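Derivation of every value follows stated rules applied to the coordinates shown; laboratory data play no part. Just so we're clear, the structure is a prediction, and the values are computed from it rather than from any experiment. Virtual Cβ from ideal backbone geometry, glycine too; neighbours counted across all protein chains shown.
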Amino acid sequence: MATIFTKIINGEIPCYKIAENDSHIAFLDINPIAEGHTLVVPKKEIDYIFDLPDELLADTMLFAKKVAAGIDKALNPIRTGVIVEGLEVPHAHIHLVPIYKESQEVSLKRKVDVSENRMKELAKLISKAVEI
Ligand code: AMP
């Protein structure tokens, strides 16, 4: 069965899209741990990130680098952190988490409330700043 991320890639489920090319997509995490929390997903459906072929793994990180640059430009965090866990959705992905202050807890267990309007605004701000 297709993963929820494949359904997003295929346009069957909506997302707050940030960027896309032939091989990757980035969109806001629906349960963010910080404003602007973004997921970078290779379109090829492979569960475990370290099962990605070398070239695709490198491309995924390079795509994430460009998206992170957009987050940094649009939202001006101290920096953007990276988390890879993959325990919930069996489709490799990288979490990009803007860190706004040193005391911020960077953990997938932390959730913040972000309104739908703000999610739309964040997606617009970041997508405009990303250069793929
Ligand atoms: P994990 O697999 O533990 O790395 O986490 C999967 C992440 O995907 C979680 O942070 C979820 O909030 C996020 N997520 C699940 N479904 C969606 C969706 N439809 N759109 C955006 N993010 C999602």
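Here are the numbers for this structure:
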quantity	calculated
Residues of the stretch 17-35 classified as within 13 Å of the ligand (Cβ to nearest atom) and either in a strand (DSSP E or B) or under 13 Å from ILE71 (Cβ atoms) (or both), total	9
Evaluation of TYR16 against (1) buried (at least 22 other Cβ atoms within 10 Å of the Cβ); (2) touching a helix residue (DSSP H, G or I) at 6+ places or on another chain (Cβ under 6 Å) (one fails), failing number	(1)
Filter result (of a type in the set (Gly, Ala, Ser) and within 14 Å of the ligand (Cβ to nearest atom)) within the stretch 53-93	ALA64, GLY81, GLY86, ALA92
Qualifying positions in the stretch 3-16 - of a type outside the set (Ser, Thr, Tyr) and in a loop (DSSP other than H, G, I, E, B)	ASN10, GLY11, GLU12, ILE13, PRO14, CYS15
